[in-house]
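**Q** Before I ask anything, let me first share the structure, which is written out below as C-alpha cells.
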Amino acid sequence: MKLHKSKAVNFQKDKIMKTLVVKSTIFLSFLFALMSCVNDDTLEHLKVTTVKTLYAPDNNKAVKLESSASANILFEWEQAKAEDGGLVMYEVAFDVEGGDFSKPIYKLTSDNNGTYNYATVTHKTLNKIGALAGLNSSETGNIIWTVFSSKGVNEVKAEEVRTMTITRLAGFAEVPTDVYVTGEGSEGGADLSKAIKFKAVANGEFEIYTKLTAGKKYHFADGTNAAAKTYFADGEVLKENGESTVAKTGVYRINLDFTTGAVVYTEISKMEIFFAPTNSYLFELPYVGQGVWKAASQPITFKQEGWGRDERYKFRMTVKEGTEFEWFGSVNGDNSRPNNSTPESFWYMVPVSGDQWNNCFKFAGEIDNSLSDVSVVFQADNSYTHIIKKVGDQ
C-alpha cells in the first residue's frame, strides 16, 4: 500500500519529534544528575572543622569597660580546618548568660575580614553588647561568647563557650544625634516644641549655653516629639528618665558626654568685650536668651597711635562665680580690617589665650566713633560667632 506524499512527510516529522523528545529527556536527566554530583562535591568542599579550643580571654574574665576609643580586648581561638585546604572564615558570637547561640545578641567577623583566628573588640562594642544583654549603664553582669567557623555557609559552632563579666560604661551604648533641653526650668518652658538645641561638639558630646531657673524642673531629650528619649543630671552623672533642678538661677554652659555618662555645669556670670589698645574692657554684654549676649547702641572709638587708628578686640567670659576667665578670639593670630567681601568665618570665635594682642579681631572702619550693637552668638547650628552692627554716630 502506498502512502500519500503529504501523509508520508507528516509521519516522518512525527518520528523525528519523538526521537528529539526522547534524546532531550535523556540529556536533561544526565545534566541534572551531573549537577547534583557537582553540588554534592561543592558542598563537601565547603565543610570546615569546629573550633575546639578558645584561647583568650580567659573564662570568667572580668573587665571594667573604658571609654577610650583605643581600649580593646583580643579574642583568640584555635584554627579550624577546611576540607578543601583553603581559608576558613570566623565570627565571634555573643549571647545572654544561659543562651544557646541559636539567636546570638551580637556577631562580628574576626580581623582581616574574617580570615584571622582572632578578633580585636573595642570596649565600646562590648558596652553595646552589654546593653543588648540587658545591662544598664554602670551595671556589672555576665555575657557568654563562642566562635563560628565556616566557608561562608554551613557555619559550625565551637566546642567551647566562655563567660565574660563586664561592667558597662556610665555612658550609653547608643548615643543620640540631637539633644535638647526642655521643662519649666528651661528657657523654652515645658513646651517640647520650644526646646533649645545643644551643639554637637564631638561624637556623643554636646554643649549648650542657656539660662536655667532655680527650683524648676528641666530635662534633656533626643527629639521634640512625645516619643523622644529623656535624660537628666544626677549630680555629675547623666541618667535616663528623670528631672533635674539647679539651686541658682543663671546662665550655664552644660556639657553632656553620652560616651562616658558625664555632665558638667559651668556658670557664666559675665561676657565682656576687651579692647587691646587700652588693655581694658569697653562694656559688658547682657545675656538676652537662646545662647545670645547683646549690648545695644554702645559707643566704640578706636585709639589713635602714631601709625594710625588701632581697633583690635576680643572677648572675655567670667565663669565659676567670678573666679575664673575664659577668652574667645580669632582663629588667626592677627587680622586685617573686615570689609564687604570678608567671609562670615572672620567673625567665628574660638578659645584663645588672655594675651593682650594675639588672636584679636579688628573692627570694620565704619565702626570708629559709632554707636553699635555687639552680639555674641553661641548656638547649635552654626560656629560660635559674633555680630558688630553700626546703628548710629556718636
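**Q** Taking a ≥ b ≥ c as the square roots of the eigenvalues of the Cα gyration tensor of segment 180-260, is the shape rounded (a/c under 1.5), prolate (a/b larger than b/c) or oblate?
**A** Note, shape of segment 180-260 comes out rounded.
**Q** Between helix 5-45 and the chain, what is the angle of the helix's C-alpha long axis to the longest principal axis, kept within 0 to 90° and rounded to the nearest 10?
**A** 60
**Q** Could you state the angle between the C-alpha long axis of helix 123-132 and the longest principal axis of the C-alpha atoms of the chain, as a value from 0 to 90 degrees rounded to the nearest 10?
**A** Roughly 70 degrees between the two axes.
**Q** Fully extended, how many nm does the chain gain between residue 154 and residue 383 (0.36 nm per residue separation, minus their Cα-Cα distance)?
**A** 77.2 nm
**Q** Here is a follow-up. With 10 Å bins from zero, work out the P(r) of segment 54-167 over every alpha carbon pair and list the percent per bin.
**A** 14, 48, 29, 7, 1
**Q** Tally the DSSP beta bridges in segment 54-167 and give the antiparallel ones as a percent, rounded to 5.
**A** 85
**Q** Using θ = phi - 60° and the Karplus curve 6.51 cos²θ - 1.76 cosθ + 1.60, what whole-Hz ³J(HN,Hα) does each residue of segment 196-206 get, with Gly and Pro shown as x?
**A** So the Karplus estimates, Gly and Pro as x, are 9, 7, 7, 8, 7, 9, 6, 4, x, 10, 9 Hz.
**Q** What shape does segment 103-236 have by the C-alpha gyration tensor, where a ≥ b ≥ c are the square roots of the eigenvalues, rounded means a/c under 1.5, and otherwise prolate means a/b greater than b/c and oblate the rest?
**A** Verdict is prolate for segment 103-236.
**Q** Let me check against my output: what whole-number percent is the relative contact order of segment 268-393, with C-alpha pairs under 8 Å and at least 6 apart?
**A** Relative contact order here is 28 percent.
**Q** Still on this structure: In whole Hz, what ³J(HN,Hα) sequence does segment 366-373 give by Karplus (6.51, -1.76, 1.60; θ = phi - 60°), x for Gly and Pro?
**A** Along segment 366-373, the couplings run 5, 6, 4, 6, 10, 9, 9, 8 Hz.
**Q** Please compute the volume of the convex hull spanned by the alpha-carbon atoms of segment 268-393 and report it per residue in Å³. List each step's numbers first, then the result.
**A** On the way: hull volume 13.7 nm³, N = 126.
Expressed per residue, the convex hull around the Cα atoms of segment 268-393 is 109 Å³.
**Q** Let me ask you something else. Greater than 31 Å separation of Cα atoms is the criterion. Which listed pairs, 199/248; 197/294; 128/320, meet it?
**A** 128/320
**Q** Note down the net charge around residue 88, summing +1 for each Lys or Arg and -1 for each Asp or Glu among other residues with Cβ under 12 Å from its Cβ.
**A** -2
**Q** Please work out the C-alpha center-to-center distance from segment 341-357 to segment 254-293 and express it in whole Å.
**A** Cα centroid of segment 341-357 versus Cα centroid of segment 254-293: 15 Å apart.
**Q** For an R0 of 30 angstrom, estimate the FRET efficiency from the Cβ-Cβ distance between residue 53 and residue 140 and round to the nearest 0.05.
**A** Given R0 = 30 Å and the Cβ-Cβ separation, E is 0.65.
**Q** Using the Kirkwood formula on the Cα atoms of the chain, what hydrodynamic radius do you get, in angstrom to one decimal?
**A** 27.3
**Q** I'd like the Karplus ³J(HN,Hα) series for segment 265-276: coefficients 6.51, -1.76, 1.60, θ = phi - 60°, whole numbers in Hz, and an x wherever there's a Gly or Pro.
**A** Per-residue couplings from phi come out as 10, 10, 7, 9, 9, 6, 10, 10, 9, 9, 9, 4 Hz.
**Q** If you don't mind, there's one more thing I want to ask. Within 10 Å of each residue's Cβ, count the other Cβ atoms and sort 132, 212 from fewest upward.
**A** Fewest-to-most ranking of 132, 212: 132, 212.
**Q** Moving on to the next point. In Å, what Kirkwood hydrodynamic radius results for segment 234-289 from the alpha-carbon pair distances? Spell out each step's value before the answer.
**A** Values: mean 1/r = 0.0708 Å⁻¹.
Evaluated on segment 234-289, it is 14.1 Å.
**Q** I need 67, 149 ordered by Cβ neighbour count within 10 Å, fewest first. Write down the numbers at each step before the final one.
**A** Working: 67 17, 149 25.
Going from sparsest to densest Cβ surroundings: 67, 149.
**Q** Can you show me the helix-derived [θ] at 222 nm for the chain, built from DSSP H runs with n ≥ 4 at -39,500 (n - 2.57) apiece and divided by the number of residues, rounded to the nearest 500. Mind dumping the intermediate values first?
**A** Details: 3 runs with 55 residues, N = 394.
Taking each H run of at least 4 residues, the total per residue is -4500 deg cm²/dmol.
**Q** Check which residues have an amide H placed less than 5 Å from residue 170's amide H, if you skip close sequence neighbours.
**A** The answer is 138.
Bear in mind that the values in this text are calculations on the coordinates, not laboratory data. Quantities reported herein were computed from a predicted structural model and do not represent experimental measurements. Cβ: placed from backbone, ideal geometry, glycine included. Neighbour counts: every protein chain shown.
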